[in-house]
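Asks: Have a look at this one.
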Amino acid sequence: MSYRKWTIVVSLVGALSIGALTSGWQRLIFRSLHGDSLGTNSLPKSESLGQGLSLAILGGYRSIAANLIWLDMNGSWEKQNINETLAKIELATATDPRALFFWLNGARVVANDMPAWVIANQGLDQEKHPNTVKALNLKFSEKALELIENGLVAHPGNFELMVDRAVIHWKKREDLEEAAKSFLEIATMPNSPYFAGRLYAELLVELGRTDDALSYLKSIYSSLPDDDIQAMKPFVAERIRQLEIKLEEQKVLVIP
Amino acid sequence: MDIAIEVKNLRKDFVLARQSQRLRAVDDLSFQVNTGSVFGLLGPNGSGKSTTIKAILGMLNPDKGECLIEGISSKKRESRARIGYLPEGPYYYKFMEGLEFVSLVGQLGGLTKLESVSRGEELMDLVGLQDACDRRISGYSKGMLQRLGLAQALVNDPSILILDEPTAGVDPVGAVDIANIIGGLKNRGKTILLCSHLLSQVETVCDEVAVLNKGNLVASGKIDELLVAGNEYMEIPECSLEATQRIEAILSEEGQSLVKRRDRKSLEQLFIELTQEEE
Amino acid sequence: MNEKLNLSFWNMRHAWLIGKTSYLETVRMKLFYALLALSLFSLGCSFLLQEFNFGSDELKFIMDFGFGGMTFFGSILAIVTASQLFYGEIEDRTVFTILAKPIRRSEFVVGKFIGAWFCIVSFVLCLTLCLMLSLFVRESILMSQYPEVFSEGRLLNYLDVLGFGFMQCVRLGMLGSIVILFSSYATSSLFSIIIGVVTWILGQLQHLAVNAWGQYDSLFLNTILFIVSIALPNFHLYDFGDKIALGESASISVYLQLVGYGALYCALYLSLAVLSFREREL
């Protein structure tokens with residue numbers, strides 16, 4: 001073997017050996033910096049590769065590149081071009097996944113605007129074509145939820161994304177069970193917004209589970225602060241009273 | 001007499017890029033350069049001169065044979081401590097100033113910064129670049145680069161100088177200056193290995209030469225011995241007309257005649273005379 | 001022979017002299033100033049382009065531009081200077097004059113690395129200081145406009161910005177040492193630059209390869225992923241600018257580990273470069 005070939009083999013073996021020896025160390029440093037967050041690693045392969053590439057090539061310039069893509073997306077949005085708009089939303093989020101704005105507004109455009117465009121373009125009417133409109137809402141909701149799930153990988157435990165997820169289940173998919181589950185998930189997280197718990201209870205009422213709603217409101221009532229207006233403690237007390245009356249009335253109706 | 005450079009059975013093959021063939025650049029080359037002599041390495045382009053020099057400097061690994069510098073193998077770094085090298089080209093750091101570069105080379109050869117600057121100034125003066133010390137090398141003419149090359153080769157006061165085409169691109173006046181410097185170095189006991197296409201210059205300054213062709217040594221030895229031709233001529237100093245007639249008479253008795261020649265200047269000599277008068 | 005010349009041991013002075021000269025070469029290169037000007041221009045643009053910012057707050061936006069200049073233009077500078085300083089010297093034949101002196105090839109390799117690294121440090125330091133100044137000025141303006149947001153003092157830790165800059169020097173040093181390794185094999189500077197760019201991107205994606213390895217049916221693909229995930233350093237470890245933008249600090253221990261990790265890889269690549277260059281014919 002020539003010296004040149006020998007040095008290539010030695011280089012490869014050396015690089016592999018050091019790499020194998022330091023792989024544990026790499027993980028340790030990564031955890032020290034980012035905790036146990038998986039970051040983009042748990043995204044689908046194509047998306048994580050896209051995000052990794054944008055980070056690799058653009059570094060900090062990702063944000064301006066993503067902003068420019070978003071600006072360009074606005075043009076497609078004005079033209080109501082669904083495929084272009086969707087592609088640019090995905091490109092903007094892939095280029096700079098750190099910007100919550102792209103995930104949130106992207107999901108809202110997909111869930112709210114896109115079905116509205118189709119309905120308007122095809123001259124559909126909610127009254128006359130309820131099934132078609134519902135199918136459209138379901139179709140775009142699935143895409144919006146997918147975007148939000150990916151956004152949650154980049155922003156684990158982000159309330160704004162989770163609230164949008166719950167709202168899409170509630171308003172667009174009309175899946176009250178899933179919506180309630182989503183609001184409960186938010187409500188059980190530390191430092192979550194107070195309205196999540198209240199909405200969870202209201203959805204239970206809508207689902208006909210008034211007693212569950214009452215129990216839940218009673219369970220959180222004592223933990224609500226008196227001095228925080230957003231906690232709306234008096235409102236919750238009033239709602240508990242209303243639900244108790246409602247349940248009493250239901251009992252009276254049931255007992256002949 | 002001590003041997004400064006010894007090349008023993010040197011062979012070097014190069015693999016050709018697109019073929020699996022080998023090109024033999026130098027084949028079983030042997031010669032010696034005696035201490036204090038000026039040795040000319042001659043040959044046409046592609047004859048193996050540069051390969052031989054690179055092997056002497058340890059930049060190429062011979063396939064066979066070896067090169068010794070004052071008895072030390074050229075593979076060892078110590079051998080280069082004794083050598084000053086003026087490369088063919090020459091190519092230097094264009095972003096540096098002349099004196100700055102000579103000083104760098106001096107420091108790489110073991111001088112302190114102060115020593116190297118002081119020595120550099122002396123040498124820049126010697127090679128006629130005293131006014132260009134602070135100029136960027138990128139602004140040097142080819143002739144100035146050769147002079148700079150000579151200065152950097154001398155900065156560590158080496159015992160052996162390897163000069164690869166030291167007068168390439170230099171005008172005849174500059175070439176004479178460089179030849180004079182080489183002569184001066186020879187007088188100071190330096191050993192010089194000189195590669196040059198200017199055969200007249202080689203003839204003037206070299207004691208011995210080796211001629212290479214296609215990687216083979218085709219002739220070597222002392223210049224005087226190599227240049228002996230077939231006929232021997234007698235030189236008659238200027239004498240009276242009467243004396244000349246008597247010699248002609250004697251020669252005609254022998255069936256011979258006196259051949260008269262007039263000294264002729266070379267174009268190079270004429271150029272030097274004219275340009276020096278101008279100056 | 002000069003008695004002061006130390007021929008027995010590895011001579012740091014030689015490496016230092018070559019490094020100093022190489023550094024001088026890089027900072028006299030137009031490319032250095034062109035990249036520095038572009039980076040500073042883009043940093044200046046971060047003030048003007050606030051209108052285009054959708055995703056992050058102002059200070060983070062400015063920081064993104066500053067860090068972008070360091071990583072993007074810094075990587076280009078590291079690749080081109082390392083290749084130019086090492087292989088360029090062979091191409092330009094200036095190497096003959098230097099290696100005709102009694103210096104070791106390893107001293108030459110280390111010297112070239114020193115020159116390239118000091119150039120990288122100068123570039124990153126200029127950008128870091130300008131970024132810190134920009135952030136300080138903008139944060140001071142915001143503090144006067146929105147005192148309630150800054151009731152607990154400044155949000156940014158400027159030492160962390162400096163620390164991040166230094167970590168980029170380590171990362172770019174690793175990239176430079178890889179390019180020197182490739183240049184020691186290369187037969188053209190274009191080759192070493194292209195391989196340098198590929199390594200830069202693959203090193204940045206190394207953590208993805210670690211995750212993806214073994215998940216494909218193709219043996220070839222898995223082998224490639226294995227090599228990328230093990231043989232290349234993880235440049236992604238040094239991407240912690242977002243944390244600094246959020247006001248989070250990295251611990252001293254993490255900084256030290258990142259320096260150690262980078263130093264280990266630089267030592268590896270330079271040792272391999274010496275091994276390759278030692279017998280290289282010029």
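Asks: Of the residues in region B:228-279, how many are hydrophobic (A, V, I, L, M, F, W, C), modelled with pLDDT of 75 or more and in a loop (DSSP other than H, G, I, E, B)?
Replies: Result for region B:228-279: 5.
Asks: Please pick out the residue among C:112, C:60 that is basic (Lys, Arg) and farther than 30 Å from residue B:149 by Cα.
Replies: Checking each option against the conditions leaves just C:60.
Asks: More than 30 Å from residue A:69 (Cα to Cα) and either at pLDDT 90 or above or surrounded by fewer than 24 Cβ atoms within 10 Å (Cβ to Cβ) (or both): is that true of residue C:56 in this structure?
Replies: no
Asks: Of these, B:58, B:40, B:46, which one is touching a residue at least 40 places away in the same chain (Cβ under 8 Å) and assigned to a loop (DSSP other than H, G, I, E, B)?
Replies: When all the criteria are applied, what remains is B:46.
Residue-wise test of (1) in contact with a Phe, Trp or Tyr (Cβ under 9 Å, 6 or more places away or on another chain); (2) over 30 Å from residue B:160 (Cα atoms).
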site	(1), (2)
C:100	yes, no
C:126	no, yes
C:129	no, yes
C:138	yes, yes
C:147	no, yes
C:166	yes, yes
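Asks: Name every residue in region B:168-188 that is in contact with a Ser or Thr (Cβ under 7 Å, 6 or more places away or on another chain) and surrounded by fewer than 19 Cβ atoms within 10 Å (Cβ to Cβ), in order of residue number.
Replies: Hit for region B:168-188 is B:173, nothing else.
Asks: Let me ask something additional. Only one of C:81, C:128, C:97 is in contact with a strand residue (DSSP E or B) (Cβ under 8 Å, 6 or more places away or on another chain), assigned to a helix (DSSP H, G or I) and crowded, with 23+ Cβ neighbours inside 10 Å; which?
Replies: Sole residue among the options that is in contact with a strand residue (DSSP E or B) (Cβ under 8 Å, 6 or more places away or on another chain), assigned to a helix (DSSP H, G or I) and crowded, with 23+ Cβ neighbours inside 10 Å: C:97.
Asks: Just name the residue that is surrounded by the most Cβ atoms within 10 Å (Cβ to Cβ) out of those in region C:256-272 that are more than 10 Å from chain A (Cβ to nearest Cβ) and not aliphatic (A, V, I, L, M).
Replies: By that ranking, first place goes to C:262.
Asks: Right, here's the next one. Looking at A:187, A:180, which one is in contact with a Phe, Trp or Tyr (Cβ under 7 Å, 6 or more places away or on another chain), farther than 20 Å from residue A:107 by Cβ and among the hydrophobic types (A, V, I, L, M, F, W, C)?
Replies: A:187
Asks: When residues of region C:201-254 are filtered for being assigned to a loop (DSSP other than H, G, I, E, B), surrounded by fewer than 15 Cβ atoms within 10 Å (Cβ to Cβ) and facing chain A (nearest Cβ under 9 Å), how many remain?
Replies: Residues meeting the conditions: 2.
Asks: Please state which one of B:33, B:26 is in contact with a Pro (Cβ under 9 Å, 6 or more places away or on another chain), β-branched (Val, Ile, Thr) and either more than 8 Å from every other protein chain (Cβ to nearest Cβ) or buried (at least 22 other Cβ atoms within 10 Å of the Cβ) (or both).
Replies: Going through B:33, B:26 in turn, the sole match is B:26.
Asks: Please verify whether residue B:106 is small (Gly, Ala, Ser), touching a Pro at 6+ places or on another chain (Cβ under 8 Å) and either part of a strand (DSSP E or B) or within 13 Å of chain C (Cβ to nearest Cβ) (or both), treating the condition exactly as stated.
Replies: Criteria not met by residue B:106.
Asks: If I filter region B:72-83 down to residues being buried (at least 22 other Cβ atoms within 10 Å of the Cβ) and in contact with a Ser or Thr (Cβ under 9 Å, 6 or more places away or on another chain), which single residue comes out as nearest to the other protein chains (Cβ to nearest Cβ)?
Replies: Per the criteria, the residue is B:80.
Results for (1) in the same structural domain as residue A:193 (by TED's automatic domain parsing); (2) touching a Leu at 6+ places or on another chain (Cβ under 8 Å); (3) surrounded by 19 or more Cβ atoms within 10 Å (Cβ to Cβ), shown as yes or no for each residue.
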{"site": "A:119", "(1), (2), (3)": "no, yes, no"}
{"site": "A:127", "(1), (2), (3)": "no, no, no"}
{"site": "A:132", "(1), (2), (3)": "no, yes, no"}
{"site": "A:137", "(1), (2), (3)": "no, no, yes"}
{"site": "A:143", "(1), (2), (3)": "no, yes, no"}
{"site": "A:148", "(1), (2), (3)": "no, yes, yes"}
{"site": "A:156", "(1), (2), (3)": "no, no, no"}
{"site": "A:159", "(1), (2), (3)": "no, no, no"}
{"site": "A:163", "(1), (2), (3)": "no, no, yes"}
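Asks: If only one of C:172, C:275 is surrounded by 17 or more Cβ atoms within 10 Å (Cβ to Cβ), under 30 Å from residue C:125 (Cβ atoms) and among the hydrophobic types (A, V, I, L, M, F, W, C), which one is it?
Replies: The match here is C:172.
Asks: Report whether or not residue A:185 is in the same structural domain as residue A:248 (by TED's automatic domain parsing), assigned to a helix (DSSP H, G or I) and not aromatic (Phe, Trp, Tyr).
Replies: yes
The values are calculated or read from the model by the stated rules, or taken from the named source; none is laboratory data. In this text, all values refer to a predicted model and were calculated from it rather than measured experimentally. Counting neighbours? That spans all protein chains shown, and the Cβs are built from the backbone with ideal geometry, glycine included.
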